[in-house]
Amino acid sequence: MATESALLERCESKCELCSSTAQLQPFVVAPHTQITVDHAVMLCETCKSQIENPETADANHWRCLNDSMWNQTPAVQVVAWRQLKRLSESEAWAHDLLDMMYLEEDVANWAMIGMDDDAEKPRDVNGVELKKGDDVTIIKDLPIKGSSQVIKQGTVVRGISLSDDPKLVSGKANGQSMYIIAEYTRKK
Ligand SMILES: [Zn+2]
């Protein structure tokens, strides 16, 4: 998978938070749902499982953020910021690091969007919430399930509907009704 090899190259086969080389896996940074180079980080099993199960987090493990918070990759900055934010409730050192951390405005927005309870809302490629009736542009050629057709990049889908799955919106493209992965759209 090309995305995964690009990620492995970026992280130099080390966990992007703690530099461990054990069992690296891509981790999608919410509210994004698709593994892409921009929206995923490579994490070791320890970091990944402690992020997914915050109650198991070992505060000492996260001293690694002291270094990784300076990573240049926005997705890594977002994960580091969120983890420091959680730890800062009980750990003074995490609070101090958080104070030192600087995020560009759009990175800070991304970090905060994924922290709140709105993560279950459909969002476009930029993390903008999609609502019923929105018009969206398709950002890459998408094969239509069960046919040989594609919806071309740049196709505009007007008046989308939401679905039960926050990853999907529905709308009409090429004259057919279909589900579209929210993250492959851009709100107009
Ligand atoms: Zn790690």
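Scanning the range 137-145 for any residue that is aliphatic (A, V, I, L, M), touching a residue at least 40 places away in the same chain (Cβ under 8 Å), outside any strand (DSSP E or B) and closer than 17 Å to His32 by Cβ turns up at least one such residue.
Inclusion of Lys131 among residues that are under 30 Å from Met178 (Cα atoms), more than 16 Å from the ligand (Cβ to nearest atom) and in contact with a Leu (Cβ under 9 Å, 6 or more places away or on another chain) is warranted. Can you spot a residue in the range 89-102 that is assigned to a loop (DSSP other than H, G, I, E, B), within 16 Å of the ligand (Cβ to nearest atom), of a type in the set (Gly, Ala, Ser) and over 24 Å from Asp165 (Cα atoms)? The answer is no, given that none of the residues of the range 89-102 is assigned to a loop (DSSP other than H, G, I, E, B), within 16 Å of the ligand (Cβ to nearest atom), of a type in the set (Gly, Ala, Ser) and over 24 Å from Asp165 (Cα atoms). Looking across the range 45-90, just one residue is of a type outside the set (A, V, I, L, M), touching a strand residue (DSSP E or B) at 6+ places or on another chain (Cβ under 9 Å) and surrounded by 21 or more Cβ atoms within 10 Å (Cβ to Cβ), and that is Cys47. Take the conditions of a type outside the set (Lys, Arg), within 25 Å of Leu65 (Cα to Cα) and surrounded by fewer than 17 Cβ atoms within 10 Å (Cβ to Cβ) and apply them to Ala94. Does it pass? Against the criterion (of a type outside the set (Lys, Arg), within 25 Å of Leu65 (Cα to Cα) and surrounded by fewer than 17 Cβ atoms within 10 Å (Cβ to Cβ)), Ala94 does not qualify.
The rows are residues; the columns are (1) within 15 Å of the ligand (Cβ to nearest atom); (2) touching a Leu at 6+ places or on another chain (Cβ under 8 Å); (3) under 15 Å from Gln72 (Cβ atoms); (4) not assigned by the TED database to the domain that holds Ala108.
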residue	(1), (2), (3), (4)
Leu7	yes, no, yes, no
Ser13	yes, yes, no, no
Ser19	yes, no, no, no
Gln23	yes, no, no, no
Phe27	yes, yes, no, no
Thr33	no, no, no, no
Asp38	no, no, yes, no
Met42	yes, yes, yes, no
Gln50	yes, no, no, no
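Among residues of the range 35-53 that are of a type in the set (D, E, K, R), those with a beta-carbon under 7 Å from a residue that is buried (at least 19 other Cβ atoms within 10 Å of the Cβ) at least six positions away or on a different chain give the pairs Asp38/Ala75; Lys48/Phe27.
Of the residues contained in the range 15-26, one or more are found to be part of a loop (DSSP other than H, G, I, E, B) and among the β-branched types (Val, Ile, Thr).
Is one or more of the residues making up the range 27-34 of a type in the set (Phe, Trp, Tyr) and part of a helix (DSSP H, G or I)? Looking through the range 27-34, none of the residues is of a type in the set (Phe, Trp, Tyr) and part of a helix (DSSP H, G or I).
The values are calculated or read from the model by the stated rules, or taken from the named source; none is laboratory data. Since this is a predicted model, take the numbers as computed values, not measurements. Every residue, glycine among them, receives a Cβ derived from its backbone with ideal geometry; neighbour counts consider all protein chains shown.
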